[in-house]
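Single-structure report; data block below.
We did not get these values from a lab; they are worked out from the coordinates using the rules stated. Note that the structure is predicted; figures quoted are calculated from it, not measured. Using ideal geometry, Cβ is built from the backbone for each residue, glycine included, and neighbour counts are taken over all protein chains shown.
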Amino acid sequence: MTLYERHSGVVYSHLVLLTDDHGLSEEILQDTMLAVWRGAGGFRGDSSVRSWIIAIARRQCRDRLRRRRPTLVPQDVLANRPAAEPGPEEQVLDRMAAGAMMTAVGALPRHHREVLDLVFRTGLPLAEIAKILEIPVGTVKSRLFAARAALVRSMPEGGYAS
């Protein structure tokens with residue numbers, strides 16, 4: 001399995017979380033993999049390959065977002081575009097179940113969403129996540145705790161009361 005095949009899905013998902021733009025995330029992923037290819041000789045093995053690639057992707061994303069101005073699309077352009085997903089009959093139950101959770105996660109501050117994504121989507125150890133985010137492990141733990149606590153508090157309002 002190639003390096004790209006093994007890590008691109010996780011890196012792409014993390015970039016979508018950071019940018020909220022699939023097209024931009026794909027561009028940054030390609031820039032990241034090119035940077036990984038060019039910088040492979042500089043990999044010291046202090047962390048896993050995945051966390052090293054995610055750290056590169058975060059820097060690529062940060063740099064790209066600093067240079068980028070938002071593009072506004074007029075509402076009438078979007079109104080005439082058909083949805084790409086399957087019809088509502090096939091998705092309504094899944095969306096209802098996930099809707100409250102997504103709303104709650106979306107309401108979290110970006111640094112909490114990012115920690116949740118790195119912990120649960122990538123499966124990286126907290127120490128490696130701390131290296132990626134360039135913060136102490138204790139800060140990763142406190143952000144994770146705060147994010148979980150906020151989600152628990154929001155669940156009764158989202159229809160998940162026990």
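Is the C-alpha gyration tensor of region 1-80 telling us rounded, prolate or oblate? Criteria: a/c under 1.5 is rounded; beyond that, a/b larger than b/c is prolate, otherwise oblate.
On the way: a/c = 3.02, a/b = 2.17, b/c = 1.39.
Taking the square roots of the gyration eigenvalues as a ≥ b ≥ c, region 1-80 is prolate.
Within 13 Å, Cβ to Cβ, of Glu114, how many net charges do the neighbouring residues add up to if Lys/Arg are +1 and Asp/Glu are -1? Display every interim value, and only then the final one.
Details: positive: Arg58, Arg62, Arg110, Arg113, Arg121, Arg143; negative: Asp20, Asp117, Glu134.
Here the count lands on +3.
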